[in-house]
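The values are calculated or read from the model by the stated rules, or taken from the named source; none is laboratory data. Bear in mind that the values here come from a model prediction, so they are computed numbers and not experimental data. Cβ placement follows ideal geometry from the backbone for every residue including glycine, while neighbour counts extend to all protein chains displayed. Quick note on the areas: whole protein, heavy atoms, side chains included, nothing else; ligands and nucleic acids left out. Shrake-Rupley method; radii C 1.70, N 1.55, O 1.52, S 1.80 Å.
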Amino acid sequence: PGSEVLHSYALTGVVTVFGTAVALMITYMAGFCLANPQVRYRNQIALFFYLTTIINPGIVPWYMMCRKLGLYNNVWALIVPGGLFSAYNMFLIRNYIKGVPISLLESALIDGAGAYRITFRVYFPLCTPVIATITLFCALGYWNNWWNAVMLIDDTSLYPLQMLLFRIQSDMSMIRDLSGTNL
């Protein structure tokens with residue numbers, strides 16, 4: 001049992017660190033693109049992302065899509081579904097970047113900076129407050145995620161910490177109920 005808990009801790013740690021890093025980069029790049037006035041149709045794309053926060057297709061299509069993509073009984077089932085991108089976090093970054101004066105972008109372009117340099121050398125350091133916030137949101141989301149394990153993991157060696165704790169609590173409740181005593 002002790003090694004099972006340590007394994008779950010390690011798995012949850014790896015999923016949290018890797019998932020948070022990837023989610024942060026995807027979210028930052030999407031937010032930067034939608035804040036950049038040079039991107040055509042950025043408002044229509046932002047509307048599309050906004051609609052995904054309002055309209056939820058439901059759990060059955062989500063489950064079927066995860067199964068079709070091979071996100072079942074593997075570590076990717078704990079990372080990819082629902083965790084890599086959040087429209088809410090993307091809008092936080094987009095709105096923060098919109099608050100940075102456009103003259104900074106224009107002066108970087110005049111100085112000959114390319115898209116990569118502008119994105120990661122000019123704007124990224126300025127966005128550390130919102131990036132820290134998004135990092136905290138993502139890390140807490142991955143650390144506390146038990147839903148993906150309930151829906152997509154059957155192998156007990158792939159249980160993250162929260163799912164293992166839920167299983168232990170459930171087993172203890174069943175023992176208490178069967179014995180008829182208050183433990």
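Please state which one of Ala139, Ala149, Ala108 is surrounded by 13 or more Cβ atoms within 10 Å (Cβ to Cβ), of a type in the set (Gly, Ala, Ser) and over 30 Å from the mean Cα position of the chain (by Cα). Show your work before the answer.
Details: Ala139 fails: over 30 Å from the mean Cα position of the chain (by Cα); Ala149 fails: over 30 Å from the mean Cα position of the chain (by Cα).
Result of the check over Ala139, Ala149, Ala108: Ala108.
Would you check which residues across region 33-70 are touching a Lys or Arg at 6+ places or on another chain (Cβ under 8 Å) and either at pLDDT below 90 or not polar (S, T, N, Q) (or both) and list them? Step through it out loud before you land on a result.
Initial filter on region 33-70 (touching a Lys or Arg at 6+ places or on another chain (Cβ under 8 Å)): 33-36, 46.
Once the filter is applied, which keeps residues that are touching a Lys or Arg at 6+ places or on another chain (Cβ under 8 Å) and either at pLDDT below 90 or not polar (S, T, N, Q) (or both), region 33-70 yields Cys33, Leu34, Ala35, Ala46.
When region 128-159 is examined, which residues are found to be assigned to a loop (DSSP other than H, G, I, E, B) and of a type outside the set (Val, Ile, Thr)? Even if it seems obvious, please write down each step before you answer.
Keep residues of region 128-159 that are assigned to a loop (DSSP other than H, G, I, E, B), which gives 144-146, 153-155, 159.
Correct list: Asn144, Asn145, Trp146, Asp154, Asp155, Tyr159.
Can you work out which of the residues in region 92-105 that are free of Cβ contacts under 8 Å to residues at least 24 places away in the same chain and not in a helix (DSSP H, G or I) is surrounded by the fewest Cβ atoms within 10 Å (Cβ to Cβ)?
It comes out as Pro101.
For Val17, all conditions in the list (1) over 13 Å from the mean Cα position of the chain (by Cα); (2) open to solvent by 90 Å² or more (accessible area, probe 1.4 Å); (3) at pLDDT 95 or above; (4) not aromatic (Phe, Trp, Tyr) hold save one; what is the number of the exception?
(1)
Would you mention how many residues in region 71-91 are surrounded by fewer than 19 Cβ atoms within 10 Å (Cβ to Cβ), of a type outside the set (A, V, I, L, M) and part of a loop (DSSP other than H, G, I, E, B)?
Result for region 71-91: 5.
Would you pick out the residues in region 71-105 that are over 17 Å from the mean Cα position of the chain (by Cα) and more than 20 Å from Thr12 (Cα to Cα)?
Those that are over 17 Å from the mean Cα position of the chain (by Cα) and more than 20 Å from Thr12 (Cα to Cα): Asn95, Tyr96, Ile97, Lys98, Gly99, Val100, Pro101, Ile102, Ser103, Leu104, Leu105.
What's the number of the only condition in (1) under 19 Å from the mean Cα position of the chain (by Cα); (2) at pLDDT 95 or above; (3) crowded, with 18+ Cβ neighbours inside 10 Å that Thr128 fails to meet?
Only one criterion is unmet by Thr128, namely (3).
Test of understanding: among Arg67, Arg40, which residue is open to solvent by 60 Å² or more (accessible area, probe 1.4 Å), over 15 Å from Phe85 (Cβ atoms) and part of a helix (DSSP H, G or I)?
When all the criteria are applied, what remains is Arg67.
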